[in-house]
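Okay, so here's the structure we're looking at.
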Amino acid sequence: MLNRRSLLKAGTAAGVLAAVPAGLLGARPGRAAAAARDPFAVPLRIPRPQRALRMGGYDVYRLTTRESDVSIVPGATSRVRTFNGQLSPLIRAQRGRPVLIEQVNELPEPFSMHLHGGHVPHHSDGHPNNEVEPGGRRLFHYPNTQAGSTMWVHDHSHDTHAENIYMGTAATYLLTDPEEDELPLPKGQYDVVLQMRDAKVEDDGTFVWDPNGFNDRPVFLVNGVPTPYFEVAARKYRLRLVNTSNERAFVLRLGEGDEFTHIATDGGLLPAPVPSRVLQLWPAERQEIVVDFSRYPVGSKVELQTMVTYPGETPEVMRFDVVREAEDPSSVPEVLRPVEDLGTPTVERMFEMSFSPETGQHLINGKPFDVNRVDFRSRLGDVELWTIRNKDAEFGIPHSLHPHLAHFQVVDRNGQPPGPSEAGWKDTVTVRAGEEARIKIQFTDYTGLFMFHCHLMGHLTMGMMGQMEMVR
């Protein structure tokens, strides 16, 4: 269990991170240390989509969770936990075509598979009561009736979720959409998933899991590769950024603070593109950007860095090497996907998130998670207004809230309208210490038990989760 001193250290660093404004683009943390070496020694690994068996209108997959030896540090192997023996595997699905996944658990720990961002029935949502024990298997049904977006698959078991995610079991689930496919956005090899996270990896390849070690994970992995380089053409790319870290948030900047175009978030496309120079990517969030590399001469090397690091870390996340010219028929339209307002809420709920130094637990509305307690019931179709209040001003600890089953709309933050980058559909919202956010949410289609929780995994492990029942 994390101790109070560790939590205070984490809260201070994360609170500073959450407060970074776009105007602080001039400083490069750790730049002097970075200049003494070239961290970009390994090429980016582009995951090939898993192969599906097409049966009776379904795409059928088998995902086997098991320990595997993979190459992370050059010249060494690391024992990690994987889906099908791979780090950062990719599943491509189509809206309107359902997916069946048989999960086979060959790990020594229970595993409860959750499609983060998925609109799925309760029996396929990865409730902790539906753990797959070692040696067991379970079938998951993903209807894929929702709009296209970038999602990810991870563990949601009772006690081993944080360890299983950290040790490598994180798959990207990319749901395509016919309407989105008609837009002239970059496609094919120019549409790239970048699954980002931190880790502690020893020189001999040992992958170190320490539940208290959130501030001692200095290696940044992209698609399972430490600070890689990626050879790109001088044209536009769509980059799908997925943060699968347990606690690490990234504040990303490109080059010397170069502009890129923010086009999508957790629930898919924004209503309109947003020119940006800095991008926050909190645990479990997905953000999508378009970068036009034609502005750089062939031969250019453009770094992607995070603006806030722990002491002793360097900021480099990856590097883009512009190596060739290329034709580019793509463009970013002025309108992406209009978002229809959910309407006037008829139900209001409060979620107060806090840390108790007396018990060492993280709490929602003063209570730790109890799998035998239903915290509230929601009626399908009702529009609800949720206030998420972070009461940890004393400790400076940020929290997030992720409800399963439905995406939501951010109404305001501290009484102020959200920025254009939060104008789309979200499924995870982070709130700084002492602040609050309000969201509108509407649950539809599926009854049963679903979870809501903080997605800083250490907080979840220490009790910051509840369950809600959907009723008609």
Reported set for segment 94-123 where residues are open to solvent by 10 Å² or more (accessible area, probe 1.4 Å) and either under 24 Å from N372 (Cβ atoms) or acidic (D, E) (or both) is E102, E106, E109, P110, P121, H122, H123
Residues satisfying the stated conditions in segment 385-404, i.e. in a loop (DSSP other than H, G, I, E, B), touching a strand residue (DSSP E or B) at 6+ places or on another chain (Cβ under 8 Å), open to solvent by 10 Å² or more (accessible area, probe 1.4 Å) and of a type in the set (D, E, K, R)
K391
Within the group G75, G126, which residue is crowded, with 22+ Cβ neighbours inside 10 Å and in a loop (DSSP other than H, G, I, E, B)?
G126
Going through segment 78-93 in order, the residues found to be out of contact with any Gly (no Cβ under 7 Å at 6 or more places or on another chain), polar (S, T, N, Q) and assigned to a strand (DSSP E or B) are Q86
Is one or more of the residues making up segment 408-425 surrounded by 22 or more Cβ atoms within 10 Å (Cβ to Cβ) and acidic (D, E)?
no
Going by the conditions given, is E163 open to solvent by 30 Å² or more (accessible area, probe 1.4 Å), modelled with pLDDT of 95 or more and charged (D, E, K, R)?
yes
With respect to R319, is the statement that it is under 30 Å from D198 (Cβ atoms), among the charged types (D, E, K, R) and touching a residue at least 24 places away in the same chain (Cβ under 8 Å) true?
yes
Selection within segment 343-353 - surrounded by fewer than 17 Cβ atoms within 10 Å (Cβ to Cβ) and in a loop (DSSP other than H, G, I, E, B)
G343, T344, T346
Segment 272-283, subset part of a strand (DSSP E or B) and among the aliphatic types (A, V, I, L, M), residue most open to solvent (accessible area, probe 1.4 Å)
A272
Criterion (assigned to a strand (DSSP E or B), at pLDDT 95 or above and closer than 19 Å to P398 by Cα) met by exactly one of L269, L252:
L252
Could you please find all residues in segment 149-187 being of a type outside the set (S, T, Y) and assigned to a strand (DSSP E or B)?
M151, W152, V153, H154, D155, A171, L174, L175
When segment 309-329 is examined, which residues are found to be under 22 Å from V222 (Cα atoms), touching a helix residue (DSSP H, G or I) at 6+ places or on another chain (Cβ under 7 Å) and surrounded by fewer than 20 Cβ atoms within 10 Å (Cβ to Cβ)?
Y310
Whichever residue in segment 20-58 is touching a Pro at 6+ places or on another chain (Cβ under 8 Å) and at pLDDT below 85 and, among such residues, is most open to solvent (accessible area, probe 1.4 Å):
R31
Among residues of segment 354-384, those that are in a strand (DSSP E or B) and surrounded by fewer than 17 Cβ atoms within 10 Å (Cβ to Cβ), counted:
6
Residues (open to solvent by 10 Å² or more (accessible area, probe 1.4 Å) and closer than 15 Å to M353 by Cβ) located in segment 430-455:
T430, R432, A433, G434, E435, E436, R438
Based on this model, can you work out whether V335 counts as touching a strand residue (DSSP E or B) at 6+ places or on another chain (Cβ under 9 Å), open to solvent by less than 80 Å² (accessible area, probe 1.4 Å) and part of a loop (DSSP other than H, G, I, E, B)?
no
From the list E256, E231, E247, exactly one residue is touching a helix residue (DSSP H, G or I) at 6+ places or on another chain (Cβ under 8 Å) and among the acidic types (D, E). Which is it?
E247
Against the definition (in a loop (DSSP other than H, G, I, E, B), at pLDDT below 95 and not small (G, A, S)), how does D210 come out, yes or no?
no
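Each row is one residue, and each column tells you yes or no for (1) under 28 Å from E340 (Cβ atoms); (2) touching a residue at least 24 places away in the same chain (Cβ under 8 Å); (3) touching a helix residue (DSSP H, G or I) at 6+ places or on another chain (Cβ under 9 Å).
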site: D392; (1), (2), (3): no, yes, yes
site: F395; (1), (2), (3): no, yes, yes
site: S400; (1), (2), (3): yes, yes, yes
site: H407; (1), (2), (3): yes, yes, no
site: E422; (1), (2), (3): yes, yes, no
site: R432; (1), (2), (3): no, yes, yes
site: F443; (1), (2), (3): yes, yes, no
site: Y446; (1), (2), (3): yes, yes, yes
site: F450; (1), (2), (3): yes, yes, yes
Scan segment 324-338 and report the pairs whose first residue is within 13 Å of E180 (Cβ to Cβ) and whose second residue is open to solvent by 100 Å² or more (accessible area, probe 1.4 Å) and not β-branched (V, I, T), with Cβ atoms within less than 9 Å and a gap of 6+ or a chain change.
R337/E179
Among residues belonging to segment 284-304 that are assigned to a strand (DSSP E or B) and within 22 Å of L270 (Cα to Cα), point out the one that is nearest to the chain's Cα centre (by Cα).
R286
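The values are calculated or read from the model by the stated rules, or taken from the named source; none is laboratory data. Note that the structure is a prediction, hence the values are computed from the model and not measured. Don't worry about glycine lacking a Cβ; one is built from the backbone with ideal geometry, like all the others, and counts go over all protein chains shown. Just so you know, the surface numbers come from the protein's heavy atoms only, side chains and all, with ligands and any DNA or RNA stripped out. Shrake-Rupley method; radii C 1.70, N 1.55, O 1.52, S 1.80 Å.
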